[in-house]
Structure formats: structure tokens, C-alpha cells
4 protein chains.
Amino acid sequence: MARFRYAAGLWIVGGAKDRFVEYRPPVDLQTMLDMMRQVEHIEAVEIPYVGPFDIDATRRELERAGLAACSLITGTINGPRWKFGSLSCLDESLRRAAVDEVKRTCDAAVAMGCSRVTVWMGQDGFDYPFQLDYGGAWDRLVRSLGEVCAYAPDVLVGLEYKPKEPRTHSLLSNVDKTILACEEVGASNLGIVLDFGHSLNAGENPAEAATTAASRGRLFFVHMNDNYREWDDDLVPGTVHVWETLEFLFQLKALNYDGWISVDQAPRREDPAKAAVQAIRNLEALARLAESIDVEQLRAMQGSCRIDDIMAYLSRLLLGET
Amino acid sequence: MARFRYAAGLWIVGGAKDRFVEYRPPVDLQTMLDMMRQVEHIEAVEIPYVGPFDIDATRRELERAGLAACSLITGTINGPRWKFGSLSCLDESLRRAAVDEVKRTCDAAVAMGCSRVTVWMGQDGFDYPFQLDYGGAWDRLVRSLGEVCAYAPDVLVGLEYKPKEPRTHSLLSNVDKTILACEEVGASNLGIVLDFGHSLNAGENPAEAATTAASRGRLFFVHMNDNYREWDDDLVPGTVHVWETLEFLFQLKALNYDGWISVDQAPRREDPAKAAVQAIRNLEALARLAESIDVEQLRAMQGSCRIDDIMAYLSRLLLGET
Amino acid sequence: MARFRYAAGLWIVGGAKDRFVEYRPPVDLQTMLDMMRQVEHIEAVEIPYVGPFDIDATRRELERAGLAACSLITGTINGPRWKFGSLSCLDESLRRAAVDEVKRTCDAAVAMGCSRVTVWMGQDGFDYPFQLDYGGAWDRLVRSLGEVCAYAPDVLVGLEYKPKEPRTHSLLSNVDKTILACEEVGASNLGIVLDFGHSLNAGENPAEAATTAASRGRLFFVHMNDNYREWDDDLVPGTVHVWETLEFLFQLKALNYDGWISVDQAPRREDPAKAAVQAIRNLEALARLAESIDVEQLRAMQGSCRIDDIMAYLSRLLLGET
Amino acid sequence: MARFRYAAGLWIVGGAKDRFVEYRPPVDLQTMLDMMRQVEHIEAVEIPYVGPFDIDATRRELERAGLAACSLITGTINGPRWKFGSLSCLDESLRRAAVDEVKRTCDAAVAMGCSRVTVWMGQDGFDYPFQLDYGGAWDRLVRSLGEVCAYAPDVLVGLEYKPKEPRTHSLLSNVDKTILACEEVGASNLGIVLDFGHSLNAGENPAEAATTAASRGRLFFVHMNDNYREWDDDLVPGTVHVWETLEFLFQLKALNYDGWISVDQAPRREDPAKAAVQAIRNLEALARLAESIDVEQLRAMQGSCRIDDIMAYLSRLLLGET
């Protein structure tokens, strides 16, 4: 199988805060890129499209750092303006503003040469029962996405689903509902950004979620991190869910996924550069284990429900002969 | 709006057990119907199709009790035979046996005059990472469902999704994935049995899930109960999630749902007849509250994001003026 | 029974942010007090002790607003300095600094005339397995608390437990562990600030948690809010868990709790003044319902395990005759 | 460090069922022991004390199989009689019957030569808000435990806590509350049976829970299994939570725990004998890894908050150099 190509969200070496504390102040582009270039195996970065965004300057800095841009992420979560939603917002002028902003991000992605845009609609959803007219919100969301995808047919628009935070309930909450949105829009350039941790939060097995998306040609991009299932803790990959991470990487290879594996974590008390290095090391080690799995043999054991044999096989793989 | 028509799963007044204790032994059909007929407002029952199933005798007993059959439920969960799954099972002979059993249930449903069948695939899923070839299981599931729906075009086949139990992970785990199955099969007689508690287990807001299903013409049947979100406790409706139950009933009316509202609970330490009465009382009380909501006013408040006003309106509704 | 006396955390009408967005900028003391004084039934406020803290000016402003101070909250969560913990911190100089800061807060509480201090150790805990020497952290915590309680014997020092956030695992995670800390310290002025939402996060029934604390003389203070169990959403009280909130208020009265009922919520998209009004309205309405419960009758039904009768009684109470 | 001594609950090779399906019928004592004796490293079994219990016959069978009895488990969960609780039950005659049954179990444990009894009070708790008078239930529980511990001073009585199932809320729900019970009873022969999976269900880090119990001299016995946090799935140890299992075994050694490590799992679709072998293999492999951890080095890194170094150290340990 082909090796994975690793990337990272630029923000993982940027500032860090939660609702109580600012752990590190924001960091300028050049400093972030200098930190990132030193992380072995990282070839590209995801970049937030938040204004003012100087395309030329950003390209120059990337070139200097020897890093590619693999994706832009829309800024329709940033700022209180979007607190009631973006592409699904009830307020028509805000919805239009969100559509325009995503279009601008698509234009910038083309100019940056990556032609990938991630849309995370963190504010589209609700907090309390009775707060949202679900049907209406869905229809507006589909309409907005249709307009964006038609505008930028050469850009892969990836929807990053997540069940909650910052809303208590997000509209695009799991892989299946996001597929429903993709299919209802009907554009081939609309797909999914599968964040491993969001998938756990959604109660999914991420390897199964990847299969759901990939089998419909919608698996566009992958974010790696880890958490304790109930919340998007954005921990370093492999530090909690060893088996699920291993299975996910195995399944990506089995699905012939040839896109980026991008680290999206939020080190607060850790050194962000060291955490980035650790993330890649864990992913590389697990990817090697995944590669050593005999696919034919596994499928044969699955096919005859020999679950005891699967368990024994995997334990030997990770823990060695006993 | 039209009144709801109430039904109940026959089993809610039958035997009761968990993996540790048998609380009540199984109860014969006549006794269950005698208990059920005394619950005001219940007009029909859901009946498990588990052999030996005597259609004529069952019809006579129902007539005697003055109750209708509103749905049959397939028995492809009952017995260790199905422990690795039914309609998605890797073992082709078992998969065929499951398809045949569902077809027989459809035939019986026609003979019983209800033309509704509920399929709950509790054993189709997995327990451990790496145990299932997700893509293959999905394909078999879709193929099986297609065959069943083609066989019984006049029967409404409803899929009851649930995220877990008895497997740690079910294949049809949430409303969205079940819609994906319906749309991939492409049969108009395939739809969803929305169990309120399963929807909570799936991390859903049930009113939103109902909207997702109904807007695609797939909301066939509704099960009512309650739980503490993490597990299918099958408690009496309205005893934990007052707001979500109220919103769900409101939304059913707003969606012009005209099917059955069926109680599916599992009283273990309660008197099952009293628990059935209480279930209907809670549902009726909440349904009346739901009817008293001014839909126009609510939609107007939702439409302008007046969430403070919605909160005030609802508190007055349930808790009165303060 | 006596009426409840209501208070609120000053911050509930202050600024609002999460890790992604600042919804409202910080608000000055006078403005917050002006908003709070207009909320009917709120008689007192909890005030964060974060420097520079001008005791005299704060007292003047409170007097002007006609509000009392009911508690000060320590600032040992504010700022990255405490990111590895406060009273349990491994770094002895930081632990000493935390002890000193809590002592200063106690001094200020005496000067403010409220003699109550809340200690929420949000940073004392761990994020990853193997990160903490649990035994050592506990010992330091107990030693620090002992020193603080001995220093300020006239101040009621209340520990606000919470299972997670901002750490993925907090040291004082539930009511029982916090009681263990109180009893190991052995000071009578050490007790518990029971936050209703934190209690839900900890998997507790808050009414039971209140009983655990009160029966040992440790229930010092109460925070009210609501959430969806998995995370400290800080929603308006009564908007999700109607039954548990009702039972909690009932049990507080049954336990003869005569302390403050303080609102601690985090309106982000709501108008904070309206949300405060709504919180009190919900609490008042539920408190009145709680008062109307016949304690003798309930205890008699509990005593003879008549759980069906309890269910019927409660449904009539909240939903009326049906 | 000393090697662990492994045991297993006899039931893990017995019958298997859930509330829907009986996967395997009950198995007689001799057959279970024959299966168990073939599992390498298992030296002893835990045996349910459910009548009729023939002490002499059981001893003979154990001797024949070359296995020791390490603990008896009380039968006060078995049968509908205990549905409203055992040692905390409101019905005084049932509470007395439960106390007597636990005493009989203690007598039998002495006769069996193991002098250890596990008490799991699965039915002591509540299902709905308002159902239990918490204070009264706690007082009865403490009184019952006091009587039992005084009766059998030479028996180690271990309380197995669990947050839920079969009740939606158990009285002894976490390690801390169980410690509170032990300390309130005040008997030195009362302690804790720490079930790894129950600890995860309680939101605990099991290594921390073990520390809490052991530091008070209350860690009597350990059950190993695994699950997905929300429910007591009783999966094979090490198949989900690799890091937490490793840390737990490490911490047991660091705490000088010299008791049994007993497998308590519930294979339903697996071959129970193979699952037992796998459990021990996983535990042995992880125990060896745990032994290879340099305690001094780890404590030094913990002591100076070098969390990046801890993460790197652990990744190398499990996943090798990268």
C-alpha cells in the first residue's frame, strides 16, 4: 500500500484557550510555519481563511517553509456574528453573507493551489428543545451548499460534521446525516471531512464511518486526534483509542484512501511542537502496524465470524506473543 | 389537529427479565390482551411474530378483546441462531433464513389486516473493533431489504434503529443511516420505526429525527418510552425527558403524522398494567400541552431567533405563570 | 417550609466566550450589578476574587445596587499560571501561591461580610493516563485544604466538584470524593458547593448528592443550571431536567437546607438579563411545586415501595389530572 | 515486583444471556471447572453462593480440577425477590433475609477456605426520580453492613460498586461512595471489589480509583474486563482501553497490591474458553509492559509536569521506536 501523506492544521501550533483560560497567545503565520516545518513527515498545512487573508504573502511563507497548503477552512465560525448559524441561518442576510464567505474561501483555495475547502458549521444547530425549525434549517442548508458547489465546481468542499460544541446540538452531527446532505445537494464536489474525534463523539466507530463516506465517493479529508468519547478533547492521536485508531488507519488503506491525514489537536498544557511530533510518531507507528495486517486473512476470519481468531490475531499484533 | 391514536407492544404486559433476573414469567396471549384492553385509549397492539404463530387464533383473541393489530414485529432477534446478525449476516444460509422469516412476517401481517411489519435488527452489528467488514455487511443488508420490499409491496416495512444492545454497535444505529438504507434500497414501502428512547441513545433530538424521516416520507411508526440517554432503559414515557417528549409530540402533529403512537416500555419492578395506564396518561397530558402550542407564534419566534421568548413561552406552558 | 433565598454568580451577566468565539466582551462591575438588581428575587451575588479586587469599592457598589455578597470565588483557575493545578500542584511554589491566594480570598470574604468562599479546582487533575501520581496529588490537596481551613476558621470554605473541564479528569470529581476530602482534612468549616449541572455530569442524581453532603453537615452552597449530562453546558435551570430539578428542590427543603440557591449559567446566544429572569422564574415555579408535595405521603409510598403510586402522584403534580 | 496471580469468575464459562436471547444454557459445575482448568495461569475461581450450594461437593470438584476458591459472591441479586434491594431494602423482613444470606455466604467462605466474600448490590438503588428516600436507604445499608462485618470478622467482605444495571441508578455507584460506606461502618474487614469496567462506567480512571481504595487499606479484590464506558459490556480485558488497562496494572504493582486479578467477562458470541485464554494473554502481555516501566523515571517526570516526556515514553513502550 501507499504511504500516508501527513498534514496538520496550522492552529495546532498556534494560540490555545478554553472558555476559562488563555494558555498561549495567538502566534503569527511565520512562527507557526517555522514550528511546523520541523515536524518530520508533515508536508502540508490546513489554513483558516480568516480575514485579512493575504494570499500572496501566505504562499510566499509556505514556500519559504517548504510546506504545501492542503486545504483552507472557512471562517464562518469565527466571531459572534455567526452565533445563530451560517449556511443554515434563519436570517437571510446572514445566510447570504455566509454563502459569500464560503465562495471567497473557494476562490482563495484555487488561488492557493489546493482546491480544497473545509466547512465546519459549528454554529448551525440549537441549544434548547423547540429552538429550531428543523425542516427549515435543513432546507436552507441544502440550498446554500448547492449554491457554493455550483459556484466552485473545481473545489472539493468538505463538510466537517460534529455532534456538538459550540452548540449543544449541531445540525450536521454524524457521517450519515452529512451524506444525506451531500446526496440531497447532488454535487460531486461535496463531501466529508472526517474528524476522528468528532466521529467518536457521534457514537460512531470511525472505521465504519470512513467506509460509509468512501463507498459513496465522499471521503475527502481526514482529521486525526483523540478524546474520551463525550467531548471533543482534541488530544494527541493514539493516546486513548489505540484499537479504533489502528482500525481506522487500516480501513483507510483498505478503502484506498489517498488523501491527507491531517493532525487536528489542541495541546493546552503540552508543548505544541512536541505534541505535533508525538502525533505523527503515533500515527506512523500505528500505520505500520496497520500495514502489517494481512487483509485477506482478516477478511476471511470476518467472513466466517471467527471472532475469537480475530481477537487473538490483533492481540499478537499489538502486544506480541505471550 | 387530529387526536393521536395509541397502541402498545403486547410484550409490555408480558414477562420481564434482564441478564440477571427474571422478574415476571412469560404471559399467554389471552392474559396479555385482557390486561391491555383495560388500558383506556389503547386501540391496537404490536405483536411479535414468533413461532408457532397461529394467525386465526390471534385474530379471534384480538376481536374478543376489542383490540386491533397495528403491526407485527419480526422474530429475527429471538434465539441464539441470529447472534451474528440476520438480514446482514455473513453466513448466506442464515441471511436467506432471515429474509424468508421477514417475508413470512409480511404475509402474516397481510393476513392479520395490519400490513405493517417492524424489523429490528438487534443482532446485526459488531462488538469489537475489526470484527466486521462494514462495507460487505451494508451491501448484504441493502440486498436483503430490497428482496423483502419487492416481495411484499403492500406491506409497510419499518426499520427500528438503535445504536447498541444487544451488540455494542448496531449497523442501523441512527435515523440518518436508516434513511440512507431506505434510499439505497429505493422502495417506497421501506421506512422507519422511530423509537423515542433509541433516538435519545443515538444522541438525537427525537423531534429532529422525526423531521428527518417524515420529510422523506419514511416515518412509518413511533415507539414511546424514556431513558437516561446512555442505555435503552425503556422507562415510562415522560418520566425523564419532559421537554423532549413534549417537543416530539408537537413535532409529530406539525409533520401531520397520522400513524400510531405505540408504547414500548419494560416495567420490571412496576405493575405492568399500571405502568401502561401511566404511559398513556403522560402521553395524553403532554399531547394536550403540545396541542395548545400556537404553531404560528412558535415558528415566528424561531424564525427571528427570539430564543429568550421561546424559553419564556414554554416555561409558562408547562409551569404556569410565575 | 421557608422560602428559598436566591442569588446568582455575577458572571452570568458578564462577558461570554467559548474556545472559539467571544460572544460578549467583559462587563464592568457596576453594569453587571445594574443588570442583576433588576432580576426579581435575586438578593445576593457571588463574586470572583480576581485581582485587582477593591473591597471597599465593591462593597459600595453592592450597597448602591441593594445586593448582598453571598460568596467569593477564588481566582486559582484564572490564567495559564495554574494550568497544572492549584492546591494539589506538584510545583511546591505554585502550590504555596495557591494556598496564599485562597487565604487572601478568605480574608476578603470576611471583609465583605459574607464569610463564604468557593474553591473550584478546575485545573487540578489530569488529561492523559499516566500523567498524575494520584496519591501524591491527593495528599497535597488535603494538606493545602487543611492549612486554609485552619487559617480562616470563621469562613465556610466550599469545594465545588466537577468531573471534567478544563481538564479531561478533575481530582475532585463527584460529591463522594469531595466528602472524602472534607473528612480527611477534618475541618468543620470545609464543605461542598453542589453545582446541579456538575452533579449531572458526574452521573449523580443531584437530590441524592445533596443528601450525601447534607447528612454530613457539608452542604454549604448550591449552584443551579442545566445541561445534557455529558458536558457542563450551563443552560438555564429547568430547561432540560424538569424532574431532577424538582426533586432536587424538594430534597433541599426536606434536608432543611437554608443556604443560598445561586444561579450559575452561561448564556451565550441569549440575552443574559432575560436568561437570569427566566432562571428565577423556573426555579420559583418548581419550588412551589416542590412545596406542594406531601412529604409524609411521599415517604409512606417510598417506604412501601409503591413506585406505581409515586409515578402517578408526580405526573398529576406536574401535568395535572388526565 | 511480584507476579500477579490470576483468577476468574466461574460464570465466565457458564451460560450466557441478555434480556433478549439465551446464547448458551447454564453449565454444571464440573464442566465449568474442566474448562477453567485448561486456561493457563488461572489458579482460582470466584464462585456464586446460590443455593443449593454443596460446600463439600464444591471443594471436591475444585480439588479435582486443581483450582482454588478465591472468593464467594452473594446471591442477593438472583431472583425477583430482591428486586427492590437487599441490604438497603425498605422492607425490614427482606433486609433481614439479605443480611442472613450474606452471613451464610461468609460462613461458606470460611468453610471453603477462602475467607473472601463479594457483595454486589445490584438491586439496591432506584430507577426514577423520587423513588427512593436516599438518607434512609443509606442508613439501612450501613447498619446491615455493620452487622455482617461484626458477624464474620475473619472474612474480607468486598463491596463491588457499579453505577447502574440492573437499576438505572445504584446506591454504591463509585469507589468514593463505597469508601464512605466502609468508613461509616468502621470495620476493617470491609473493603472494595474494584471491577475495571464498572470503574469506567462510573467515569473514573481505574488506576486512580485503585489508589483511592488502596491508600485506605480497602482494595480487596480486582475484576478485569473492558467496555465502551457507557455500559457494563463485560468485554475481554485490553480490547478497548489499552492505556487505562496498562496504567491500572502498573498502579496495582506500584500500590503493592498482592491480591487476585480475576477475569469477569461475559462472552456471548465468543467461545467462552477461548475468550478466557485471550483475557489472560492480554493481561499477561500488559502486565509485562507495566513491569518494564521505570517507576522512578515516571514519578520524576510526573513530579516535574513533563507531560510531553511521559507521552513520548509511553508511546515508545507500547508502539516501539518510530
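Some notes on this structure:
- When B:Phe84, B:Phe4, B:Phe20 are checked against the criterion of being among the aromatic types (Phe, Trp, Tyr) and within 30 Å of B:Phe250 (Cβ to Cβ), a single residue qualifies: B:Phe4.
- Single unsatisfied condition, A:Glu63 versus (1) at pLDDT 95 or above; (2) closer than 16 Å to A:Trp11 by Cα; (3) over 16 Å from the mean Cα position of the chain (by Cα): (2)
- Odd one out for A:Gly135, checked against (1) within 14 Å of chain B (Cβ to nearest Cβ); (2) closer than 21 Å to C:Arg268 by Cβ: (2)
- Residue in the stretch C:266-273 that is more than 10 Å from chain D (Cβ to nearest Cβ), over 19 Å from C:Leu314 (Cβ atoms) and assigned to a helix (DSSP H, G or I) present: yes
- Top-ranked residue of the stretch C:23-56 - restricted to ones that are farther than 28 Å from C:Leu252 by Cα and β-branched (Val, Ile, Thr), ranked as nearest to the chain's Cα centre (by Cα): C:Val50
- Conditions (1) assigned to a helix (DSSP H, G or I); (2) within 13 Å of chain B (Cβ to nearest Cβ): number failed by A:Trp231: (1)
- In the stretch C:26-44 there is no residue that is within 11 Å of chain A (Cβ to nearest Cβ), closer than 27 Å to C:Lys274 by Cβ and either part of a loop (DSSP other than H, G, I, E, B) or not acidic (Asp, Glu) (or both).
- Any hit, the stretch D:173-186, residues being of a type in the set (S, T, N, Q), assigned to a loop (DSSP other than H, G, I, E, B), over 26 Å from D:Ala44 (Cα atoms) and within 14 Å of chain C (Cβ to nearest Cβ): yes
- When restricted to residues that are surrounded by 18 or more Cβ atoms within 10 Å (Cβ to Cβ) and within 11 Å of chain B (Cβ to nearest Cβ), the stretch A:88-109 contains 2.
- The residues of the stretch C:81-101 that are small (Gly, Ala, Ser) and either outside any loop (DSSP other than H, G, I, E, B) or touching a His at 6+ places or on another chain (Cβ under 9 Å) (or both), listed by number, are C:Ser93, C:Ala97, C:Ala98.
Table: residues versus (1) among the charged types (D, E, K, R); (2) in contact (Cβ under 8 Å) with a residue 40 or more places away in the chain.
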position: C:Arg64; (1), (2): yes, no
position: C:Ile73; (1), (2): no, yes
position: C:Asn78; (1), (2): no, no
position: C:Asp91; (1), (2): yes, no
position: C:Ala97; (1), (2): no, no
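- Filtering the stretch A:143-172 to residues that are of a type in the set (A, V, I, L, M, F, W, C) and more than 11 Å from chain B (Cβ to nearest Cβ) leaves A:Leu145, A:Val148, A:Cys149, A:Ala150, A:Ala152, A:Val155, A:Leu156, A:Val157, A:Leu159.
Table: residues versus (1) in contact with a Leu (Cβ under 7 Å, 6 or more places away or on another chain); (2) free of Cβ contacts under 8 Å to residues at least 40 places away in the same chain.
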position	(1), (2)
D:Leu194	yes, yes
D:Ala202	no, no
D:Pro206	yes, no
D:Arg216	no, yes
D:Tyr228	no, yes
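- Qualifying residue in the stretch C:212-222 (condition: surrounded by 21 or more Cβ atoms within 10 Å (Cβ to Cβ), more than 14 Å from the chain's Cα centre (by Cα) and either within 10 Å of another protein chain (Cβ to nearest Cβ) or of a type in the set (Val, Ile, Thr) (or both)): yes
- Residues in the stretch B:237-259 that are of a type in the set (Phe, Trp, Tyr) and either closer than 16 Å to B:Gly197 by Cα or facing chain C (nearest Cβ under 8 Å) (or both): B:Trp243, B:Phe248.
- Where B:Tyr23 falls short, out of the listed (1) within 14 Å of chain D (Cβ to nearest Cβ); (2) touching a Ser or Thr at 6+ places or on another chain (Cβ under 7 Å); (3) in a strand (DSSP E or B): (2)
- Sole residue being closer than 23 Å to A:Gly122 by Cα and β-branched (Val, Ile, Thr), chosen from C:Val21, C:Val27: C:Val21
- Any hit, the stretch C:292-311, residues being surrounded by 24 or more Cβ atoms within 10 Å (Cβ to Cβ) and within 14 Å of chain B (Cβ to nearest Cβ): yes
- Residues of the stretch C:51-61 satisfying the condition of being buried (at least 16 other Cβ atoms within 10 Å of the Cβ) and without any contact (Cβ under 8 Å) to a residue 40 or more places away in the chain: C:Glu61
- Restricting A:Arg64, A:Arg95 to residues that are more than 16 Å from A:Thr31 (Cα to Cα) and of a type outside the set (Gly, Ala, Ser) narrows the list to A:Arg95.
- For the stretch A:193-207, a residue qualifies if it is within 27 Å of C:Arg269 (Cβ to Cβ) and either among the hydrophobic types (A, V, I, L, M, F, W, C) or modelled with pLDDT under 95 (or both), and the qualifying residues are A:Val193, A:Leu200, A:Ala202.
- Long-range neighbours under 8 Å by Cβ, at least six apart or interchain, first residue free of Cβ contacts under 8 Å to residues at least 40 places away in the same chain and within 20 Å of C:Met311 (Cβ to Cβ) within the stretch D:109-128, second of a type in the set (Lys, Arg) and surrounded by fewer than 23 Cβ atoms within 10 Å (Cβ to Cβ): none
- Considering residues of the stretch C:110-156 that are under 21 Å from the mean Cα position of the chain (by Cα) and under 19 Å from D:Ala214 (Cβ atoms) only, the residue surrounded by the fewest Cβ atoms within 10 Å (Cβ to Cβ): C:Val142
- When A:Trp82 is tested against (1) more than 16 Å from the chain's Cα centre (by Cα); (2) over 30 Å from B:Asn201 (Cβ atoms); (3) away from chain B (no Cβ under 14 Å); (4) of a type in the set (A, V, I, L, M, F, W, C), just one condition goes unmet, and that condition is (3).
- The stretch B:245-255, subset surrounded by fewer than 24 Cβ atoms within 10 Å (Cβ to Cβ) and under 18 Å from the mean Cα position of the chain (by Cα), residue farthest from A:Ala202 (Cα to Cα): B:Lys253
- Positions within the stretch A:23-42 being among the acidic types (Asp, Glu) and buried (at least 16 other Cβ atoms within 10 Å of the Cβ), in sequence order: A:Asp34
- Test set (1) touching an Asp or Glu at 6+ places or on another chain (Cβ under 9 Å); (2) within 8 Å of another protein chain (Cβ to nearest Cβ) - B:Ile280 fails condition number: (2)
- C:Ala285 meets all of the listed conditions (1) over 18 Å from B:Ala312 (Cβ atoms); (2) assigned to a helix (DSSP H, G or I) but one, namely (1).
- Evaluation of A:Val157 against (1) over 26 Å from C:Asn227 (Cβ atoms); (2) not in a strand (DSSP E or B) (one fails), failing number: (2)
The values are calculated or read from the model by the stated rules, or taken from the named source; none is laboratory data. Bear in mind that the values here come from a model prediction, so they are computed numbers and not experimental data. Positions of Cβ are backbone-derived with ideal geometry, glycine not excepted, and every protein chain shown enters the neighbour counts.
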